[in-house]
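Notes to accompany the following structure.
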Amino acid sequence: MEAGKIELRLHNTMTQQKEVLIPINPGKIGMYVCGITAYDFSHIGHARAAVAFDVLYRYLRHLGYEVTYVRNFTDVDDKVIKRAKECGENPLDVSNRYCDEYLVDMAALQCLLPTHQPRVSDHMEHIIKMIEKIVEKDCGYVVDGDVFFSVDKSPNYGRLSGQLLDHTRAGERVAVDPRKRNPADFALWKGAKSGEPSWESPWGPGRPGWHIECSAMSDHYLSPRFDIHGGGIDLKFPHHENEIAQTCAACENSGVSFWLHNGHVTNKEVKMAKALNNFFTIRDVTAEYHPLALRHFLMTAHYRSPLNYSKSQLESSSDSLYYIYQTLQDLVEALFPYQEALKNDNGKAEQTSEAKDMINKVRSEFEAKISDDLNASPILTGAFQDAMKYINVSITKLKKMQVKQRMSLLVSLLEVEKTVREILDLLGLLSTLSYAEFLKEMKEKALAKAKMGEEEILQKIEERRIARKNKEFERGDEIRNTLALAGISLMDVPGKDTQWRPCLPQSQSDSTQVVDTTTP
């Protein structure tokens, strides 16, 4: 698709309104997203940010833009050092391990690799040079080997977050350093402490403060001025506010066109955070649910809204994905007998008008919603679900149709399947596995949650068959209901053996719902 052909509107945190994306350089997009601090396994709050910006990345590329996507790793930080001391390891060994684990999680969630994934420890030269510029312009000052940024030299400080400088206090969580000229001043460089990693600098050995890393790396990989800067809503202040201040101080032609922030994942309406010990790691969740079910769940609310963690919603996402892939697998099986006929048709048969209308409706609805501030949450409903129903209804018609009509319907089904795959791919929900292999993985997750093996389920199916044969219908219903409580549904198919599939557990007591409070 030609870049810019479709108008993409994004909510800009800086202006608090939706604006049309107009790239600084036509046809190209520079996007920087704040990544993780690598000291532990990542939780699903981190996953939400990754998925939200992965959808944006995918859609921008679909629109024809050449995207340079940068997502950093903070591998030098107080938290990393603390964890290293607890483990008796080198801090960089700890951070390297958790960077690698994060990439495993991202692959499972089918997040595309960014163009660049810089680490702080590899960019000390760029960080030090930026700090030098800030000090040279009298926006930073040196005290005993530490370097602080002077917020008083930043006339627009607080513009992104709405924080007034008079009300800003750096010491809300820790005591204010008396050496600071203003309590809101923040560290650009921290002098070395015994037992901590350090690098040589003009101010003595030390390591960078948290905020300067993103300014230096975004400048290095994109330039001081670029299109999109993203991250979680908790980074708006002080992290992103401080980024703006120090980048403006160091670089004259600096600026970000769009600031985008995703909402928190909450647990019982409280922000999920490691400090509160109320979090679930990505590994915790994907041990029970398919990674793409987690990805689906993370898109069930608009990306700027809070999203409450809920097992019932994860079950619902699993069920929705299973339905989609089972429908597609049913289509593959239904089309199989007609492969030779389709090959010999050589494109003579045309789609039905119903199929053409269906495809146009699915695509137009998708583009309208996702182009309106990445409104992905309801995309797997509406026209998309109508397409699923169309496939199911059409499959039942195939054998009853005359050859000419059948060929037209076969071609139509292939085109509808192609459209469905395109939408799933743009959302990152198209598995690299075959439909059958994906369904098998989902069944394995269901078996693990039910604490049953497939042989045990097949045995229950046989017991039920015998009970029904003996007219012991109550016993048959009891077996079906017992399996349903465990999330296993039995399906009686005429002329075939009883089949089983995962379902929403009937005992599901977690009724917490995701509430989408954002009007996209």
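The values are calculated or read from the model by the stated rules, or taken from the named source; none is laboratory data. The shown structure was predicted, so the numbers you read here are calculated from the model rather than taken from an experiment. Virtual Cβ from ideal backbone geometry, glycine too; neighbours counted across all protein chains shown. Ligands, DNA and RNA are excluded from the accessible area calculation, which covers all protein heavy atoms including side chains. Shrake-Rupley method; radii C 1.70, N 1.55, O 1.52, S 1.80 Å.
Helices in the chain, meaning DSSP H runs of at least 4 residues, each add -39500 (n - 2.57). Divided by all residues, the mean residue ellipticity at 222 nm is -14000 deg cm²/dmol.
Under 5 Å from the amide H of ARG225 lie the amide H atoms of GLY255, each residue being 5 or more positions distant or on a separate chain, with H modelled from the backbone and absent for Pro and chain starts. Solvent exposure of the stretch 311-436 amounts to 48 Å² per residue of accessible area, where only protein heavy atoms count and the probe is 1.4 Å. Here VAL20 and ALA275 are evaluated by their C-beta separation; at R0 = 30 Å the FRET efficiency comes out at 0.20. For the stretch 451-502, report the accessible area per residue in Å² (1.4 Å probe, heavy atoms, rounded to an integer). Value for the stretch 451-502: 69 Å² per residue.
A cut-off of 5 Å between modelled amide H atoms, ignoring neighbours fewer than 5 places along the same chain, links PHE186 with PHE149, VAL151. Summing Lys and Arg as +1 and Asp and Glu as -1 over all other residues whose Cβ lies under 9 Å from the Cβ of LEU427 gives a net charge of +1. Measuring between alpha carbons in the structure, the pairs from LYS18/LYS311; LYS311/LYS451; LYS79/LYS137 lying more than 21 angstrom apart are LYS18/LYS311; LYS79/LYS137. 3J(HN,Hα) along the stretch 390-407, derived from phi through the Karplus expression 6.51 cos²θ - 1.76 cosθ + 1.60 where θ = phi - 60°, amounts to 4, 4, 4, 5, 5, 4, 5, 7, 3, 5, 8, 9, 6, 4, 5, 5, 4, 4 Hz, with x in place of Gly and Pro. Gain on full extension, evaluated as 0.36 nm per residue between SER223 and TRP199 minus their Cα-Cα distance, stands at 6.2 nm.
Excluding ARG475 itself, what net charge comes from residues whose Cβ is under 13 Å from its Cβ, given Lys and Arg +1 and Asp and Glu -1? Counting the neighbours of ARG475, the net charge comes to +1. Near the amide H of HIS43, within less than 5 Å, lie the amide hydrogens of ILE282, all on another chain or at least 5 residues away, with H placed in the peptide plane. Computed over the Cα atoms of the stretch 451-502, pair by distinct pair, the Kirkwood hydrodynamic radius stands at 11.1 angstrom. Just the protein heavy atoms count here, and of the accessible area of the chain at 1.4 Å, carbon and sulfur take up 49 percent. Net charge of the neighbourhood of CYS111, taken over other residues with C-beta under 12 Å away and scored Lys/Arg +1, Asp/Glu -1, is +2. Which entry in (i) 27.2, 91; (ii) 23.9, 82; (iii) 22.7, 79 matches Rg and Dmax of the Cα atoms in Å derived from the coordinates of this structure? Working out Rg and Dmax of the Cα atoms in Å from the coordinates points to (i). Whole-Hz Karplus values for the stretch 145-150 come out as x, 9, 10, 10, 8, 8 Hz, taken residue by residue from phi with 6.51 cos²θ - 1.76 cosθ + 1.60 and θ = phi - 60°; glycine and proline positions read x.
Okay, which of the stretch 279-300 sit inside 11 Å, backbone N to the point 7 Å along the Cα-Cβ direction of VAL104? Inside the label zone: 283.
Within straight-line reach of LYS404, meaning a Cα separation under 14 Å, sit the following aspartates and glutamates at least 8 residues removed in sequence or on another chain: ASP345, GLU350.
With bins 5 Å wide beginning at 0, the percent of Cα pairs of the stretch 276-345 falling in each bin runs 3, 14, 18, 17, 13, 8, 7, 7, 6, 4, 1, 1, 0. For the stretch 230-384, the Kirkwood estimate of hydrodynamic radius, built from reciprocal distances between every pair of different alpha carbons, is 19.7 Å. Given the pairs LYS236/LYS268; LYS274/LYS369; LYS5/LYS356; LYS460/LYS496, which are separated by over 25 angstrom at their Cα positions? Going by Cα-Cα distance, LYS274/LYS369 fall outside the 25 Å limit.
Go from 0 up to the bin containing the longest alpha carbon distance in the stretch 335-442, width 5 Å each, and give me the % of pairs per bin. All Cα pairs, binned at 5 Å, distribute as 2, 11, 20, 20, 18, 15, 9, 4, 1, 0 percent.
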